[in-house]
1. Which strands (runs of 3 or more DSSP E) does the range 222-294 wholly contain that include 1 or more residues that are of a type in the set (S, T, Y) and free of Cβ contacts under 8 Å to residues at least 40 places away in the same chain?
2. From the list K283, K292, K267, K350, exactly one residue is basic (K, R) and either within 25 Å of A157 (Cα to Cα) or in contact with a helix residue (DSSP H, G or I) (Cβ under 8 Å, 6 or more places away or on another chain) (or both). Which is it?
3. Would you confirm whether or not the range 246-261 contains a residue that is under 30 Å from G190 (Cα atoms), in contact with a Lys or Arg (Cβ under 9 Å, 6 or more places away or on another chain) and away from ligand 2 (no atom under 16 Å from the Cβ)?
4. Check F328 against each of (1) at pLDDT 90 or above; (2) assigned to a loop (DSSP other than H, G, I, E, B); (3) surrounded by fewer than 21 Cβ atoms within 10 Å (Cβ to Cβ) and name the one condition it does not meet.
5. Only residues that are open to solvent by 40 Å² or more (accessible area, probe 1.4 Å) and touching a residue at least 60 places away in the same chain (Cβ under 8 Å): list them for the range 25-46, please.
6. Any chance you could count how many residues in the range 151-177 are over 12 Å from the mean Cα position of the chain (by Cα) and either more than 14 Å from Y6 (Cα to Cα) or within 16 Å of ligand 2 (Cβ to nearest atom) (or both)?
7. Is at least one residue of the range 174-186 in contact (Cβ under 8 Å) with a residue 60 or more places away in the chain, of a type in the set (D, E) and within 8 Å of ligand 1 (Cβ to nearest atom)?
8. List the number of the failed condition for G116; all other conditions in (1) out of contact with any Pro (no Cβ under 9 Å at 6 or more places or on another chain); (2) over 20 Å from A335 (Cα atoms) hold.
Amino acid sequence: MKTRIYKLSETQVSEEDIDALGSILKNGGLVAFPTETVYGLGGNALDPMAAKKIYAAKGRPSDNPLIVHIASVQDLEVLARDVPEKAYALAEAFWPGPLTMILDKKEGVPAETTGGLSTVAIRMPNHKVALELISKSGIYLAGPSANTSGRPSPTTAEHVAEDLRGKIDAIIDSGKVGIGIESTIVDLTGETPTILRPGYITKEMLQRVIGKVEIDEAILEENKDKNFTPKAPGMKYKHYAPKGELTLVEGDEDSVIDTINLLASEKVSDGFKVGIIATDETKASYAFGTVKSIGTRSDEDGIAANLYEILRKMDEISVDFIYSESFFEGHLGQAIMNRMLKAAGHRVLKC
Ligand code: TXA
Ligand code: MG
């Protein structure tokens, strides 16, 4: 299949292109689209065949449900039933934005889209191109991240093309995304709203709007060895895995530098290729391997935005081992480390 690339910037969304892309979707085709978090792989959420194509293109297990992207709060009622007041309060506070809500689904949402669950994940992305595409085409976009299953989520259209060129109808190129890690997922179907995946919208931000919020205990690092099953099926897979073996090194700055230098020198002298994920503050202190900075520690948003790109770069240069500094702190610490710990298969070295 030939994959067409459409360049569309948020400041200049061509109506003609949106029409062409809408036609692809209406005919059951797949279009990768930009959002503020990561690129999504879109298909008609109400068409079971489109959902099947999405799973096939990504090589994704079909029990892992898709997020449905909408362009107006009224669409909630079309897809979900018994929508609680808290959902409207969260929509008012954070939509369009990086928050996905789990609600009880209406019958019209096919089991293929929800991985057989009776609930549906819904989000309104904060990206003009995505919103125009959804509202003009009238199609709700089932959209997982537009990567091959198991690879880092795409933060540029080039990443999407690396994984999906030839497998989907079109890719919209709107440049690098803003946030760089996937949306926060909050489940509103139980007694207490529960975070199933951490993201840019934190527990504290949600609590300011709707009161008590819990975090799914299965995703907490301290419970990683207990056999809890995560409530978001996708969280049980080893995600975002670079090809090289990634180890996170945690401790004070000097110990981290010394430890990484020691480990890297050993591997290099054994004939392996080594990559190091450093920061602007520390990159000059590493003496072995290929050193890449993820950004400055004073700009946490920048670190989040560069995370997946740096993991992909490590793949490109085919390193055997990757050593990375840790980023547990700050507003985004939990979301960043959740992704990094998964990429590392929870390999953390404390020093
Ligand atoms: O930022 C994002 O959320 C991006 C952009 C494209 O919107 N999308 C994204 O989709 O990250 P995906 O498919 O890579 O991750 C969706 C996650 C999976 O972990 C899935 O298991 C969970 O959402 N999920 C979807 N529907 C669910 C449901 N009904 N109940 C529980 N978890 C659900
Ligand atoms: Mg994903």
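1. 290-293
2. Unique residue meeting the criteria: K292.
3. no
4. Only one criterion in (1) at pLDDT 90 or above; (2) assigned to a loop (DSSP other than H, G, I, E, B); (3) surrounded by fewer than 21 Cβ atoms within 10 Å (Cβ to Cβ) is unmet by F328, namely (1).
5. K26, L46
6. 10
7. Yes: one or more hits.
8. (1)
The values are calculated or read from the model by the stated rules, or taken from the named source; none is laboratory data. On a predicted model such as this, the values are computed, not experimentally measured, just so you know. Positions of Cβ are generated from backbone atoms using ideal geometry, with glycine treated the same way; all protein chains shown enter the neighbour counts. With ligands, DNA and RNA removed, areas are computed over all heavy atoms of the protein, side chains included. Shrake-Rupley method; radii C 1.70, N 1.55, O 1.52, S 1.80 Å.
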